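Laboratory data are not the source of any read-out in this text; all were calculated from the coordinates shown. None of the values given here were measured: they were computed from a predicted structure. Cβ coordinates were reconstructed from backbone atoms using ideal geometry, including for glycine residues, and neighbour counts include every protein chain displayed.
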Amino acid sequence: MKNKFLLLFPLIALVLSACSSGQTSPAGEWELIAYGDAKDPASALPNVNTSINFDENGEFHGNVGCNVLRGTYEINEDQVTIKQIVSTRKYCRDIAEQENGVLGILSDAVLHFQMDGDQLTLTSVDEMSIVVMKRK
């Protein structure tokens, strides 16, 4: 009986680990789908390159349409902490609202992150703001 339990224990542990949250690193390039109010996010503007590339070393860089950005990030379970974000400061009237919205959510923030297939969702801890991206 004891031997059966010893054989069953690793199997149970394997099954339980498969049921965990499945969160992984957001490493890779992501393109904006939507942003803003979590209850009613705005769709990303068409034909505007808004993408972020998270690398494996905890750094990211990207383009928010008119301006480029870069910074660092740390993952802790289902949270990503964005730090030291810097961006160029050109003004582009037609896309300023989107740029300001995305930068406002990402700037020095702690965000919940969820990955579902090729979709990455970043949500503010108060669950009021959201950035939704798809793998590029």
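Structural remarks
- Cα-Cα pairs of segment 51-105 separated by more than 19 Å (percent): 29 percent
- Dipole moment magnitude, nearest 20 debye, segment 29-136 about Cα centre, only Lys, Arg, Asp, Glu C-beta charged: 500 debye
- Cα-based radius of gyration of segment 24-135 once divided by 2.2 N^0.38 Å, which approximates compact folds: 0.96
- Seen from residue 61, the other residues with C-beta closer than 13 Å to its C-beta sum to a net charge of -2, counting Lys and Arg as +1 and Asp and Glu as -1.
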